[in-house]
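Trainee: Below are the structure tokens for one structure; questions will follow.
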Amino acid sequence: MWDVKGTPLPVKFENWVPDRVLYDFDGPRIFTVRHELGDFLAYVCDEDDQIARYLLAPTNDDTVAALEKGTCTMRETLAQPWLWVIDVGFDDVPRQVWRSTLEAIPETLLPKPWAMLWPNLEPLLAVRMIGPNLAKGRIPASVIKRAVEGATYALKKLAELMLSSRPQRPEQRSLTVRHLYDLPTQHLAFNSFEIAFRAPDTAQLRLGEQDDVLEPEYDEMGRRLAEALEWATPLASDQDSRTIDLDLLDALKKLVPPQTGLVEQVEVRGRLLRHQPRPAYTLTREATRRVGRARTQREPQATPLTATGLIEEFDKGRLTFILRYTDAGRDINCAITDELYDEVMELFQQDEVRATIFGLEIPGNRFVEVIHIARVLETPVDQPVNPA
Amino acid sequence: MPKAPPCLRHGLSTFRRYEEASHQRDLFPALGDKIAMAELKPEHGKTKLTQGKQPTHTTWWPYEEVQRASLFRCVDTPLGSNNVGR
């Protein structure tokens, strides 16, 4: 057994017993301890044929609740200002206690930084922006924005693809694309910078009380996500002649790391990938170049389009509307991003206000991608504009 | 585990899903970084779902003559994995 870096304590720590067992595998491995010396969270970090070595971190009910809800990881729960290392014989009698810190424990014996208490708490999707200069207190807002946008844009594209390829079950009529990409944030971590999303509450989506009602949908989205990630991160042995769906290429475009700047790699993992060939993928700048080359070669040439008309039939789930009575002489199907939602909603609710859209018309896509929208100032003919 | 039920103390813990074994590997690196898979048949012993928060945790009581290690092979992807032991 390895040497403990810490101060031996003259503590017997007798009469210690698990209070609540949180993880059991060949015996309790994570549990709470209520003792006259304090409340602790115990974690078995190592064992041999003589002893089990525990880390005991001071804890309280709120910390344990956060661990059980998946809002903090196992390692974060152990990362207290101090902890005890305790060797316990298989007769359950403590033999030695040290005062130590988490930093003094060998990295190979600690839970991985992302590991949650139970498998069902693993985030649906976690995106980690990696770079040598990304550390707590030094994460620019642009990196956080990129992590959020990269994940949500990819999820949106995958959700659109999935919903267009399979009929919605009757009990899922209230389900929209937005429900599948605008997910609740489960966890933020500064290793380098990571954001994790969990599945939405199905009861709130009016899909019933059962938690796993969307599992087939997530599995389908995970399958397509893995297809895209496999393409973007070919192994040395892979043939480089594979092609990728344009929709999947689109899903990747905001997920890959930028060619310059603080983010050098992006790691993607989560329950979405649970049945896929790899549980985690790391996108490097080579993946960015690969995506860029493919987009240049394969994406159809977009044509700029400007038109003025009235916004009607706004689908708030799919973020689409129809621009009618246009100066182009035709109705135009439009798709928007989240950023334009409020603007479009306001114009949609004001029946008489005309809007000018600036967008891109892409061959094969029945929706014009709206980049900017402006309201048209209507000037009644009998009231000249005040020059002031 | 002197206080555990004697019957459970003589069983071997396995998972039926790769992701549960993979999660445990991340949670307890000291248990090793390999995941091995086997297809257990009636002639290999008795199994019982003994799940708590791990939905497919299964205890296996192998028959005495079974060569346990020879049944398993290491896997590094979830594809095709079922009955995963650690």
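Trainee: Sort A:188-201, A:46-59 by packing, meaning the average of other beta carbons within 10 Å per residue, with the highest value first. Let's see the in-between values first.
Mentor: Working: A:188-201: 19.3, A:46-59: 17.6.
Output ranking for A:188-201, A:46-59: A:188-201, A:46-59.
Trainee: Right, another one. Taking the number of other C-beta atoms within 10 Å as the exposure measure, put B:Cys7, A:Cys72 in order starting with the fewest. Don't jump to the answer; show the numbers that get you there.
Mentor: Numbers: B:Cys7 10, A:Cys72 20.
Taking fewest neighbouring Cβ atoms as first place, the list is B:Cys7, A:Cys72.
Trainee: With n ≥ 4 as the cut-off for DSSP H runs, can you work out [θ] at 222 nm for the protein assembly as shown, using -39500 (n - 2.57) per run divided by the number of residues, rounded to the nearest 500? Show your work: numbers first, answer last.
Mentor: Working: 11 runs with 110 residues, N = 474.
Helix contribution divided over all residues of the protein assembly as shown: -7000 deg cm²/dmol.
Trainee: Arrange A:Ile144, B:Ile35, A:Ile311 by Cβ neighbour counts within 10 Å, fewest through most, would you?
Mentor: Numbers: A:Ile144 14, B:Ile35 21, A:Ile311 25.
Ranked by crowding around the Cβ, least crowded first: A:Ile144, B:Ile35, A:Ile311.
Trainee: Can you list the HN-Hα couplings for the stretch B:24-36, worked out from phi with the Karplus curve (6.51, -1.76, 1.60; θ = phi - 60°), rounded to whole Hz and with x for Gly and Pro?
Mentor: These are the phi-based 3J(HN,Hα) values: 5, 4, 6, 7, 10, x, 5, 6, x, 9, 9, 10, 10 Hz.
Trainee: Considering only A:Tyr181, A:Tyr153, A:Tyr341, give the residue with the highest GNM mean-square fluctuation for chain A, with springs between Cα atoms whenever their separation is below 10 Å.
Mentor: Ranking A:Tyr181, A:Tyr153, A:Tyr341 by mean-square fluctuation puts A:Tyr341 first.
Trainee: What is the distance, in nm, between label points placed 7 Å from the Cα along the Cα-to-Cβ direction at A:Glu352 and at A:Asp92?
Mentor: 8.1
Trainee: Given A:Lys5/B:Lys53; A:Lys253/B:Lys53; A:Lys112/A:Lys254; A:Lys69/A:Lys253; A:Lys69/A:Lys156; A:Lys253/A:Lys316, which pairs have Cα atoms separated by over 29 Å?
Mentor: Working: A:Lys5/B:Lys53 33 Å; A:Lys253/B:Lys53 38 Å; A:Lys112/A:Lys254 27 Å; A:Lys69/A:Lys253 32 Å; A:Lys69/A:Lys156 26 Å; A:Lys253/A:Lys316 24 Å.
The answer is A:Lys5/B:Lys53; A:Lys253/B:Lys53; A:Lys69/A:Lys253.
Trainee: Shape of the stretch B:1-64 from its Cα gyration tensor (a ≥ b ≥ c, root eigenvalues): rounded if a/c is under 1.5, otherwise prolate when a/b > b/c, or oblate?
Mentor: Numbers: a/c = 1.72, a/b = 1.23, b/c = 1.39.
The shape class here is oblate.
Trainee: While we're here: Which shape class applies to the protein assembly as shown: rounded if a/c is under 1.5, otherwise prolate when a/b exceeds b/c and oblate if not, where a ≥ b ≥ c are the square roots of the Cα gyration tensor eigenvalues?
Mentor: On the way: a/c = 2.41, a/b = 2.00, b/c = 1.20.
It is prolate, given that a/c is not under 1.5 and a/b is the larger ratio.
Trainee: List the GluC sites (Glu not before Pro) within the stretch B:1-71 that fall in a DSSP loop (any state other than H, G, I, E or B) and whose Cβ has at most 16 other Cβ atoms within 10 Å.
Mentor: Listed in order of number, the matching sites are B:Glu39, B:Glu64, B:Glu65.
Trainee: If you take each beta carbon of peptide B:10-17 and count the beta carbons of other chains within 10 angstrom, what is the mean?
Mentor: 1
Trainee: Another question about this same structure. Within 10 Å of each Cβ in peptide A:21-33, how many partner chain Cβ atoms are there on average? Round it to a whole number, please. Please report the intermediate quantities before stating the final value.
Mentor: Working: counts 2, 2, 6, 10, 10, 10, 7, 3, 4, 2, 0, 0, 0.
What the average comes to for A:21-33 is 4.
Trainee: Under 10 Å, Cα contacts only: if you run a Gaussian network model on chain A, which one of A:Glu267, A:Glu230, A:Glu361 comes out with the highest mean-square fluctuation?
Mentor: A:Glu361
Trainee: What does the structure give for A:71-78 when I average, per residue, the other chain Cβ atoms found within 10 Å of the residue Cβ?
Mentor: 1
Trainee: Using a 7 Å offset from Cα along Cα-Cβ at B:Ala30, what residues in the stretch A:34-59 end up with backbone N under 14 Å from the label point?
Mentor: Hits in the stretch A:34-59 for B:Ala30 at 14 Å: A:42-57.
Trainee: Then there is this: Taking 8 Å as the Cα distance limit and 6 or more residues as the minimum spacing, I'd like the relative contact order of the stretch A:294-360 as a percentage. Let's see the in-between values first.
Mentor: Numbers: 94 pairs, mean separation 26.0, N = 67.
Contact order relative to length: 39 percent.
Trainee: Let me ask you something else. Neighbour counts of other C-beta atoms within 10 Å: give me B:Trp61, A:Trp84 arranged from fewest to most.
Mentor: Values: B:Trp61 14, A:Trp84 22.
The fewest-first ordering by Cβ neighbours comes to B:Trp61, A:Trp84.
Each value in this text was obtained by applying a stated rule to the coordinates, not by laboratory testing. Just so you know, these numbers come straight off a predicted model, no measurement behind them. Please note: Cβ atoms are built from the backbone with ideal geometry, for glycine as well, and neighbour counts cover all protein chains shown.
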